[in-house]
Structures are given as structure tokens and as C-alpha cells.
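Reviewing the structure listed below.
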Amino acid sequence: MRMAELPYNLPDERGHFGPYGGVFVAETLICALDELREHYARFRDDPDFRAEFERELKHYVGRPSPVYHAQRWSRELGGAQIWLKREDLNHTGAHKINNVIGQALLARRLGKPRVIAETGAGQHGAATATIAARFGMECVVYMGSEDIKRQAQNVFRMKLLGTRVVAVESGSKTLKDALNEAMRDWVTNVESTFYIIGTVAGPHPYPMMVRDFQRVIGDECVVQMPEYAGRQPDAVIACVGGGSNAMGIFYPYIEHGDVRLIGVEAGGDGVATGRHSASLTAGRPGVLHGNRTYLLQDADGQIVETHSVSAGLDYPGVGPEHAWLKDTGRAEYVVIDDDEALAAFHDCCRIEGIIPALESAHALAYAKKLAPTLGSDRILLVNLSGRGDKDMNTVAERSGLHFYCRPECNPESGQR
Amino acid sequence: MNRIDATFAQLRATGRTALVPFVMTGDPTLASMPSMLDALVRAGADIIELGVPFSDPMADGPVIQRASERALMQHVSLADVLAVVAEFRRADATTPIVLMGYANPIEAMGVAAFATRARDSGVDGVLVVDYPPEEADGFAAQMFEVGIAPIFLLAPTTPEARIEVVAKFARGYVYYVSLKGVTGAGNLDVAEAADKLAEIRRHVSLPVGVGFGIRDAASAQAIAAHADAVVIGSRIIQEVEDGPPEAAASRAGAWLATIRQALDAMERKRAA
């Protein structure tokens, strides 16, 4: 029997997706997670909670986000029609805000005046800082000191919004270390503090809860595609770091058995070089950050450093539900490297007038590969999960330009 | 009888509290481990908790994370940890060794392979920080099978119903984490710990060790009045990192000896 024909009701009550997921944390965190699970179970289907969540999404975020037919690009590629789900048009510029609103509403109902978050590229941190300002909550964001250097603009944004950004100096000084540090804060301050995790990873109930808050992306597509494109897509394509935008758009399509679900991992310099972030493609199952999932690790079980041009995909693990969808074959996972993502980034800018986030450019790059192999009556739906304003510096550097010039330098000298 | 049970039986007969230091394998160097373990035993350690380095020690504070990083700079693996234990066992047949670490290095070796290799090396107990009892049934069963005690944590926030669950799986001793937060944090509340220990003892017949937050003779004595074992980690590692690596073992031993003396003095007073 094909899995797509089964009713899909994972995770089980202990947070397992087959062998993946679960609650792999120290005893000191168990009580907080039990409390969160109970409260989330209570509010998940509460009509008042749902109504408030939907009101925030509509009036504060600007949902529903449109689906958009990338006609010129599709014509140029000469194959399948590419449609974009425009999460880049959300307030704060990415899908991250959907989940943050859900968790912040929950924090408010639990009477927690303080929220904390981890961030890599700064998008989840900025979204959390935004909602903390909107709801009048104290907010602390943990960010690796390496990422702080790479993402100065988002650090500034968070500070503008009244958030304290704490530089994490341990380990590799990136997202995974920020997550460790946020967990430590939570263990210590659990009575006053709600930990807003930014992706579909971590201990149960986070992978389920974040998916539930992000499924609005796919739910909207299921309604919009027949209306605007005439039918459901042949394939849904999304980038996968931790995997929240992909889970959000995949989840409502899991039971649509004839829709291919394609997750695109970050290939960095190429999987063969070892400098990449493709956990599902090149990793092995293990335990990290509270769940069992595919991990990039060495033979001794130590987590290895990852690489991607997009900071938001630069993570050695992946959400456990993706691990399960991979093993069952319901979703396919492919790899796009830095250069391919950058090429798609430029195509999208020049042909469609949309500057995509480098994360989303990975999904676009795979659509660009796949479209010409299919007939023009086929439809590919790509989750354009965020906009690329935050990536100006990175792209400028990669293109040999210098976006920022100090006053003493000649503006012309930067333009090689 | 397992060496852990034998140790506690003997301590109980003489009315003493177990002194349990924690050191990280490979800190400051892998080569220094035999002299480190020897120094701890000579200073009066009853059981030694030996850390298995991990790249992402989520439940540990900065001190133990730094120890882990020093070990990983030398690529110290779980296999190295087992080799250190095997070498220790050739010279010491009685002092129990408990490994403490995270799940992933064990899963990378394979739980079944780890169980037999740990038994053959002379490991007596294993505490996997990120295996709460809910996720540990298979692991605990494989440890029982080879005669290794799975050790579990209890926290100030652990409700009574969960203490019963932990009691079902645990062997050797249970480890009460005496404060909220990570290893090496401050603010040990002795009265609160004493209340919780009384609650734990209603459900757990095993010895109860207390750790997290014990930093000096006074806090060790205060906890020893209520606990069967006093576990000290971050404070010893500070001795290890605070000075030249060649003398780390003697510094750690000298510091631990002061705690041993304080506990002995208290026990003599109590006996008198």
C-alpha cells in the first residue's frame, strides 16, 4: 500500500514520526515540555485561539499571501509552468512570522512575560523581536557570534525592535550553538520564559506545533491553485534547512498522493567537498537538540560544521517529519549548491522582478532544473519563503561588488 | 555484585557519604587521564564520573563545554573513553566508573556494540543526559543485560509520578540535579534540595546522589547531610583548566582532598 493512501496522523502522542522525533532532553526540561504539550493540546483547537491567530495573520502579516504565475521565466525555461507562493510578501519578509505569532499567542495565554529565541540568519530572531514588540514582551535572542558578523543588518533590526541580542561564543558560533544556549536559558528561567523555536525541529511538541502554525501556507495553496491555476500542482518544491517552510507547504499536500513533494537541501560547495548542509542527503540518523533525525556527523557521532551561502539553511540537522517523509518515500530530497542557487537568485531578480531570499533561491534553482524536462501543461509550485533584502551583502560580495563603502573609499573603486 | 552497589553497601556500613568527582575524558589531555583518575582515587573519590565529550552539550554550562571542546580538539572519541577505563581497571578493581555524556556518540557506535565494549572495559554505570526514561527503554534493557547500571537524573521540577517512572528504570543510584539550570550555575538551595530528597526517597530505594551547584567544603557538607553521594563537576574542571596542564591532575586531586577532609570531619562529628 502506498503511504499516500493512508490517513496521515503523525506524530504519535509522544512526538514520534516513525523512529524520528521524540523528546531527547535532560530531565530538567521535561516538566517544561510536558506543560507546553498540555497547553498546546488545549489551545490547538480552541475557537478563540484559532480566531485570534487568524486575525493576526490577516491584519498584521497580510495573509493570505498570493500565488503568482512566473510566466516570463516559465516561457524562457520552455517547460513546466512555475508558480510561486509569495511568503516573501509577509510582514518581516518571510514565512517565519506565521509560527512566531502562534507561539507568542500561546506564551501570552500561559502568562509568560518573557520570550527567547535562537536565530541563524536573523530572520526568526527578527520575527520574534517584532512580535515581542507588538505584544509588549521582554525578548532575548541568541545568535552565534559568527552569524552576528555575517548578518549585521538583522542584528540592527532586532535592536531597533527593543530586543537584546546575545552573542554566542561557544562551539562553532553559529545556529546550533545559539540553539544550545537558548535551551540553557530556558532551563534556568522556565517559570517566566517561553522558548519560541523557529523551525520544525527540537523536542516534541515543537516539530508538530511549528508545522501546525506553518500549515497555513499549504492550506492557502490547496484553495488558491485550483482557483488561479485551474488545478493542484504536479509538484511542490521548497527549500529545507530545519524545514519549517517546506513542512508548512507540504503538510496539507501529504494526502494528495499524486502531488510530488520535493525538498531542496543546501549543497554549499558541493556534497562531495564535505562543505554543505545536506543532512537528509548525506547525513545519518542520530540524536541532537531533543529529537532523533538525520544529522551531519563524523564517525564518532560528533556534529560537524556545515556550510551554505544562505545562513538560514546552514544547520546540521533537519526536522524529524522530513526524516520520516524521506524514509517512506512520500517526499523526495535533492541538493542545490551555492552557485546554482545564486544563478537562480539572479534569474528571479531579472526575469520576474522579485528578489528572493538565498534560502528560497535553492528551491527556485531546482524548479529551474526540473521545468525544462516537463511539458508546458505541468505545474510546479515553489515556496518563495522569503525576500532577499537581507542577502544584499552576501550577493554583492559573491558577485565581486562591495555593497558597503566606508566614507573614505572611492565609491567607484567598489564597482569592479 | 556490581561495583556501584558494593561501594554504597560499604559506605552505608560505615556511615559515610560517597564523594563523586566528574572529569572530562581528554581534559586537559588524553595522555593525562591515568594520572588524573589515580589522583582522584587517592584524594578519596568513591566513584568517578567520566565525561564522554560531545560537540553540543546542551545541558552543560560553559565550564564543562570548554572541557568538551579541549577534548574534541584532540579528537577524543567514545572508543578512547573506553580505552581509558580499560587501562584504569587493570590497576583498580574496585572504584566504580560511570560514563556521563550524550546519546549521539553512543548511537554512532551502536548501542549493542557499546554495551559489550563498555562491559569489557570495566564500565559500571552510564548516564546519558538526553535519554529520559521515555526514550530509554531499549537502551536501559541492553545495559541491564550486560550488568551496567543505567543512571537517571531527577530535577527539582520532576513531579512525584515521574519519580516512580524513573525508579522503575534506574539502577546503581539516581542523580538529583539540585538546581534549575545547567551544570556550573550558582544558587544552591539546600533546604529545597533536602525537601525534594525526602520526596524522592519515598519512591526510590536506590542511593541518591546530588550534583549541580556544589562548589566548596561548606556546600558539600550541607548536601552530604541529606544525600548518599555528593557529585562535583564544574568546580573540579576549573581546577583542571586553571594552571599548567602537566599539573592538572595534582591540582584536581589536591582540591578534591579538601572536600574529602571536610566530609570526613563532619562524619566523625556525627559519629561522636
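Derivation of every value follows stated rules applied to the coordinates shown; laboratory data play no part. This is a predicted model, so every value here is computed, not measured. Please note: Cβ atoms are built from the backbone with ideal geometry, for glycine as well, and neighbour counts cover all protein chains shown.
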Report summary line: For residue B:168, the aspartates and glutamates lying under 15 Å Cα to Cα, once residues fewer than eight places off in the same chain are dropped, come out as B:134, B:135, B:137, B:160
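Relative contact order, percent, of the stretch A:105-246 when contacts are C-alpha pairs under 8 Å separated by at least 6 residues? Please report the intermediate quantities before stating the final value.
On the way: 207 pairs, mean separation 32.2, N = 142.
So the answer I get is 23 percent.
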Query - Reachable aspartates and glutamates from residue A:58, criterion Cα separation under 16 angstrom, eight or more residues apart if same chain - result: A:48, A:87, A:88, A:219, A:220
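Using helices alone, I'd like the mean residue ellipticity at 222 nm for the protein assembly as shown: each DSSP H run of four-plus residues gives -39500 (n - 2.57), total over residue count, nearest 500.
Details: 28 runs with 303 residues, N = 688.
It lands at -13500 deg cm²/dmol.
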Query - Cut-off 12 Å between beta-carbons: net charge of the residues surrounding residue B:86, Lys and Arg +1, Asp and Glu -1 - result: 0
Requested in this report: Any chance you could run the full-extension gain for residue A:145 through residue A:71? It's 0.36 nm times the residue separation minus the Cα-Cα distance, nm to one decimal.
Outcome: 22.5 nm
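Within a Cβ distance under 13 Å of residue A:59, other residues only, what is the Lys/Arg minus Asp/Glu net charge?
Details: positive: A:55, A:58, A:63, A:134; negative: A:52, A:54, A:56.
Charge balance in the 13 Å sphere: +1.
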Requested in this report: Calculate the length of the line joining the C-alpha centroid of the stretch A:257-292 to that of the stretch A:116-135, in whole Å.
Outcome: 25
Query raised in the report: What distance in nm separates the simple spin-label points at residue A:156 and residue A:229, each placed 7 Å from Cα in the Cβ direction?
Result: 3.7
**Report entry** Extension gain, residue B:247 back to residue B:74 (0.36 nm per residue minus Cα-Cα distance, nm)
**Finding:** 60.4 nm
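Are there any trypsin sites (Lys or Arg not before Pro) in the stretch A:21-51 that are in a DSSP loop and have at most 15 other Cβ atoms within 10 Å? List them by number. The partial results should precede the final answer.
Details: sites: A:37, A:42, A:44, A:50; in loops: none.
Hits after loop and neighbour filter: nothing returned.
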Report task. Specify whether the C-alpha gyration tensor of the stretch B:3-271 places it in the rounded, prolate or oblate class, a ≥ b ≥ c being the square roots of the eigenvalues: rounded for a/c under 1.5, otherwise prolate if a/b is larger than b/c and oblate if not. Result -> rounded
Query raised in the report: Expressed as a whole number of Å, what is the distance separating the alpha-carbon centroids of the stretch A:147-221 and the stretch B:111-154?
Result: 32
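Test of understanding: what is the full-extension gain from residue B:258 to residue B:198, defined as 0.36 nm times their sequence separation minus their Cα-Cα distance? Provide the component values of the computation, followed by the final result.
Details: separation 60, 0.36 × 60 = 21.60 nm, distance 2.79 nm.
That works out to 18.8 nm of additional length.
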Query raised in the report: If you bin the C-alpha pair distances of the stretch A:312-406 every 5 Å from 0, what whole percents do you get?
Result: 2, 11, 18, 22, 18, 13, 8, 4, 1, 1, 0
Report summary line: With +1 at each Lys and Arg Cβ and -1 at each Asp and Glu Cβ, the charge dipole magnitude of the stretch B:3-271 around its Cα centre, to the nearest 20 debye, comes out at 800
Requested in this report: Rounded to the nearest Å, what's the spacing between the alpha carbon centres of the stretch A:296-352 and the stretch B:201-272? Just the number, please.
Outcome: 47
Requested in this report: Consider a paramagnetic label point 7 Å from the Cα of residue A:260 along Cα→Cβ; state which residues of the stretch A:370-394 have an amide N under 15 Å from it.
Outcome: A:370-383
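Once the other residues with Cβ under 13 Å from the Cβ of residue B:222 are scored (Lys, Arg +1; Asp, Glu -1), what is the net sum?
Details: positive: B:215; negative: B:189, B:192, B:216.
With Lys, Arg at +1 and Asp, Glu at -1, the net is -2.
Over all residues in B:99-107, what is the mean tally of Cβ atoms on other chains that come within 10 Å of each residue's Cβ? Don't skip to the end; give the middle numbers.
Numbers: counts 0, 0, 1, 5, 6, 12, 7, 3, 8.
Mean number of neighbouring Cβ atoms from other chains: 5.
Is the shape of the stretch A:239-386 best called rounded, prolate or oblate, per the rule: a/c under 1.5 gives rounded, else a/b larger than b/c gives prolate, else oblate, with a ≥ b ≥ c the square roots of the Cα gyration tensor eigenvalues? Don't skip to the end; give the middle numbers.
Working: a/c = 2.03, a/b = 1.31, b/c = 1.54.
Oblate, since a/c reaches 1.5 and b/c is not below a/b.
Write out the GluC sites (Glu not before Pro) in the stretch A:1-60 meeting two conditions: DSSP loop, and at most 15 other Cβ atoms within 10 Å of their Cβ. Please report the intermediate quantities before stating the final value.
On the way: sites: A:5, A:13, A:27, A:35, A:38, A:52, A:54, A:56; in loops: A:13.
Sites meeting the loop and neighbour criteria: A:13.
What FRET efficiency comes out for residue B:2 versus residue A:8 if R0 is 56 angstrom and r is the Cβ-Cβ distance? Round to the nearest 0.05. Intermediate values should be presented prior to the final figure.
Numbers: r = 46 Å, r/R0 = 0.82.
According to the calculation, E is roughly 0.75.
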Report summary line: Per its Cα gyration tensor (rounded if a/c is under 1.5, else prolate when a/b beats b/c, else oblate), chain A is best filed as rounded
Query raised in the report: Which percent, to the nearest 5, of DSSP beta bridges fully inside the protein assembly as shown are antiparallel?
Result: 20
Query - Whichever lysines have a C-alpha closer than 24 Å to that of residue A:369, once near sequence neighbours (fewer than 8 apart) are set aside - result: A:85, A:326
